[in-house]
Amino acid sequence: MTTTTFTPRAEARLAVARHVADAVLFEGYVLYPYRASAAKNRLRWQFGVLVPPSWTAVAAEHDVQRTELLMEPRRGAALAVEVRFLHAQRRTVQRALPDGGFETVRELPLDDRVLVPWDEGREERVRLVVGVDELTRTGTVVPFARPAAEETEPVTDATGAVVGRLVRRREEIDGVLRLSASPLDGPYATQRLRVVVENTSGWLPEDGAGRDAALPRSLVATHTLLYLDSGQFLSLADPPQWATGAAAACRNLHTWPVPAGEPGSRDLVLSSPIILEDHPAIAPESPGALYDATEIDEILALRTAALTDEEKREARGTDDRAVAVIDLTDSMPAEMLERLHGAVRSLREVTTPGAPGVSAPRSPTPDVPGSGDGAGASGVFREDGFVRQDTPWWDPGADASVDPARDHVLVEGREVRAGSRVVLRPGLRHSDAQDLFVAGRRALVEAVLHDVDGGVHIAVTLEDDPGADIRREQGRYLYFQPDEVDVVDREETS
């Protein structure tokens, strides 16, 4: 039996997946600097767009998504399905006239914002609960439609007087959701689940119509949430060995299903138009949705806080979600901003200089208070025990066991350290086009550096570089790995 009523347990589990899914649903929705006039906000709606079938003949876009994955349901199991997408609606801005009418304008300045035309995304959902037995017998087909509509919203000034209005228009959307399941051969009670979401709109583009005409009739950022109340889903990226062949046979079109929720859980799946790892999660340091996942949260927050008052007025008039971003960055306390600078998820072994070559790693002391903190002071692990420091972990001074000016590395059994002279041989790696100009030239070693991954880098200045003193003063060196240099004999340097 099919129903649209979710149990409290299903609602709670799907809410966990929605938290990550929201980052997918609104990815690229409004990009920094959050203004409609910004060039990067003039080409939107890039992920999970299902266009009307007629538009697939005009552009290389798709009208269907298909999810296939493996599940092991128990007897009587029910599957909760939630398809989510954005319905693009056109918002125009109109100014009030003295005679009581309205005229469409390019912008409407107010004290706190500047209203401009914009395409808003209205969240839509298609929900149902169906017994797995029904899916294996006949499957389920659920047509859905969103009618065309027009809404108006009055705009008032600081005194409460109506100075204009916003007009929102939506076009009709038609679609269909198809679900089916088929048992796999073998000793395990495993089934292949198929979920198909299709745009079936009958709209026909006029001659010369562009993508802007198709988008209001499209399902935008389409993705699917699945919850199995009894049983489990199998990961397609890391299936059990016996299910490797069956997992490889699953065919997913324009979407990718991954287990969602906490690591180890198997009752929840997010099928996303953006490829994600199993059990994706939002970083706990993230202060809120910034809608621009191509940026680092810290940089994005700082840039947004640095917008001028006029730029913020336009952002506030662009979209309610842009308003939320501006308010978030304007009210963000220093402690929250500091958290965005970085976090240590776990401690691992590091190498330190010592005997010739690479010395043995030192292991952390697990029971030392604060040794696993991702914020605040860091610690240095030394032979005489754990030393607590007030220096942040990312500061070069945090690890007293590392000294670039005195550290060394062995190259062909010979020590190379600050002051050594080498000949550059970068042709072995071909990692930089500039290598052509430095190959075979002599250089002075300024420092030997160890990175957090255990790699060793030799910082040098060219001996015949007239600007070497300036580069040395500014710390702007050329960097090479030990197998990219030859050691110069001392006799050659005398």
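The values are calculated or read from the model by the stated rules, or taken from the named source; none is laboratory data. Keep in mind the model is a prediction, meaning the values are calculated, not measured. Counting neighbours? That spans all protein chains shown, and the Cβs are built from the backbone with ideal geometry, glycine included. Just so you know, the surface numbers come from the protein's heavy atoms only, side chains and all, with ligands and any DNA or RNA stripped out. Shrake-Rupley method; radii C 1.70, N 1.55, O 1.52, S 1.80 Å.
How long is the stretch 138-256 along each principal axis, judged by its Cα atoms, biggest number first, in Å?
Per principal axis, max minus min of the Cα coordinates gives 72, 41, 27 Å.
Can you tell me how much longer the chain between Ala249 and Glu11 gets when fully stretched, taken as 0.36 nm per residue apart minus their C-alpha distance, in nm with one decimal?
Between Ala249 and Glu11, full extension yields 82.6 nm more.
Each label point is 7 Å from the Cα along the Cα-to-Cβ direction; what then is the distance between the points at Glu415 and Ser54, in nm?
According to this spin-label approximation, the distance is 8.0 nm.
In terms of modelled amide H atoms, which long-range or inter-chain residues lie less than 5 Å from the amide H of His62?
Val51
Around Ser182, what is the net charge, scoring Lys/Arg as +1 and Asp/Glu as -1 over all other residues with Cβ under 12 Å from its Cβ?
Combined, the nearby Lys, Arg, Asp and Glu give +1.
Quantify, in whole percent, the carbon and sulfur part of the accessible surface of the stretch 436-494 (1.4 Å probe; protein heavy atoms only).
Here it works out to 49 percent.
What order, most packed first, do the peptides 225-236, 177-188, 67-78, 455-466 have when packing is the mean number of other Cβ atoms within 10 Å of each residue?
Most protected by this proxy first, the peptides run 225-236, 67-78, 455-466, 177-188.
Tell me which residues come under 5 Å, amide H to amide H, from Thr255 once H is placed; ignore anything under 5 positions away on its chain.
Correct list: Arg66.
So what is the diffusion coefficient of the stretch 206-264 in µm² per second by Stokes-Einstein at 10 °C and 1.306 mPa s, using a Kirkwood Rh over Cα pairs?
Taking Rh from Cα pairs, D becomes 106 µm²/s.
Starting with the highest mean, order 206-216, 8-18 by the number of other Cβ atoms within 10 Å, averaged over the residues of each peptide.
Going by the mean number of other Cβ atoms within 10 Å, highest first, we get 8-18, 206-216.
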